[in-house]
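Computed from the coordinates by the stated procedures, all read-outs in this text should not be read as laboratory data. Everything numeric here is computed off the predicted structure, so don't read it as measured data. So basically every Cβ, Gly included, is an ideal-geometry build from the backbone, and we count neighbours across all protein chains shown.
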Amino acid sequence: MAKKVIILTGPGGAGKTTIAKLLVRNHDFVLLDGDKEDAEFFPEGKHWLPENLAKLHKSHNKIFKKAKEKFNKGESVVVDYIIFGHYLEFIAKFKKEFEIV
């Protein structure tokens, strides 16, 4: 199977993590939990506050970098993440790098 990157995003409780776990178990994907990764920047939440846009940018870059490292090691990656802030920019960056359609 060709390596892939899949982004699962949406509101809490939508089933992102359930689908991600199925991809890990049944299709050999590696899970990248974006919510866990951005806890460094948001230990108390509050992602949505306008004053936190710079932190969101750093968080998005961290998640992107980790996904790229895993992909470059030959792994297929599923990103499970509630994307706050400039979500279209986040997705466009992944789309450009990994040719996501």
Across segment 63-77, in residue order, what do the Karplus-derived ³J(HN,Hα) couplings come to in whole Hz, using 6.51 cos²θ - 1.76 cosθ + 1.60 with θ = phi - 60° and x for Gly and Pro? 5, 4, 4, 5, 5, 5, 4, 5, 4, 5, 7, x, 9, 7, 10
In vacuum, with every alpha carbon of the chain counted as one equal point scatterer, what does the Debye formula give for log10 I(q)/I(0) at q = 0.10, 0.14, 0.22 Å⁻¹? Two decimals, please. -0.26, -0.50, -1.21
In terms of modelled amide H atoms, which long-range or inter-chain residues lie less than 5 Å from the amide H of VAL30? SER76, VAL77, VAL78
Return the sequence-ordered ³J(HN,Hα) values of segment 7-19 in whole Hz as given by the Karplus equation 6.51 cos²θ - 1.76 cosθ + 1.60 applied to θ = phi - 60°, using x for Gly and Pro. 9, 10, 9, x, x, x, x, 7, x, 4, 5, 4, 5
Would you mind putting 16-25, 74-83, 43-52 in packing order, based on average other-beta-carbon counts within 10 Å, highest first? 74-83, 16-25, 43-52
